[in-house]
Amino acid sequence: MQGGWQVHIEEIENIGYDSQNREFVDRAEVSIEHAFKLYPWEWMMEESFGEHVIACPTQWFEPPWKMLLSNKAILPVLWKRYPNHPNLLPAYFENEKPTASFQYMYIKKPILGREGANIQLSGTFSDTLVDGSHQMPEYDGDGYVYQEYAPLPNFQGKHPVIGSWIIGDEPAGIGIREDQTIITGNGSHFVPHYFVN
């Protein structure tokens, strides 16, 4: 709204698909031109209207291709394709029995997890949950990946993580999340930044 957009908030249960006009509509059956959603893509694709997401005229924020990047299965795929790349950590699928491959501790992450849920720190901590991780049954049914642990810096008891956005080959912005635990969750502090040329 601060950016000048006319905003209408709608519960996800009230969003429908108009098959005659081939468009998503709100509760009043008004066409949805732009939608910013927090509902996970993998859940949306399982809905009866999920097959229409790609072909409909609605512009989604975040776009459907983000399903690939939010899926932790991309981590072992990238590691297998680019082993020892300086921007990657060793990562393996659950069925690959990878624990002997890690030099240090490792993290067990649900493939379709969100916001720090169901993450376990293993190795010398023998699969104990780290304070701050929380269990969410809906993130537990699609398997796990294992990734080598890289310790976060500690600034006065807070552990920051930087998320970066790149458009083409150019940096477009960063977000910094930090928490008092080494697992950032949905209650972590967040500060956005953007770059101006």
Legend entry - Neighbour count of at most 16 Cβ within 10 Å plus DSSP loop: longest trypsin sites (Lys or Arg not before Pro)-free window in the chain: 115-197
Inset, instruction - Count the DSSP beta bridges whose two residues both fall in the chain, then state the antiparallel fraction as a percent rounded to the nearest 5. - result: 90
Legend entry - Mean residue ellipticity (222 nm) of the chain, computed from DSSP H runs ≥ 4 via -39,500 (n - 2.57), nearest 500: -2500 deg cm²/dmol
Inset, instruction - Net charge near residue 57: determine it from the other residues with C-beta under 14 Å of the C-beta of residue 57, scoring Lys and Arg +1 and Asp and Glu -1. - result: -2
Inset, instruction - May I ask you to derive the FRET efficiency for residue 193 and residue 142 from their Cβ-Cβ distance with R0 = 30 Å, giving the value to the nearest 0.05? - result: 0.40
Inset, instruction - Using only alpha carbons, build the gyration tensor for the chain and give me the equivalent ellipsoid semi-axes, biggest first, whole Å. - result: 34, 21, 17
Legend entry - C-alpha center-to-center spacing [segment 45-121, segment 1-23] in angstrom: 28
Legend entry - Virtual spin-label span in nm between residue 26 and residue 38, 7 Å along Cα→Cβ: 1.8
Inset, instruction - Choose one answer from 87, 118, 95: the residue with the largest mean-square fluctuation in a GNM of the chain with alpha-carbon springs under 10 Å. - result: 87
Inset, instruction - Place a +1 charge on the Cβ of each Lys and Arg in segment 12-68 and a -1 charge on the Cβ of each Asp and Glu, then give the dipole magnitude about the Cα centre in debye, rounded to the nearest 20. - result: 140
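We did not get these values from a lab; they are worked out from the coordinates using the rules stated. Treat the numbers as computed from the prediction; the structure is a model and nothing was measured. Cβ coordinates were reconstructed from backbone atoms using ideal geometry, including for glycine residues, and neighbour counts include every protein chain displayed.
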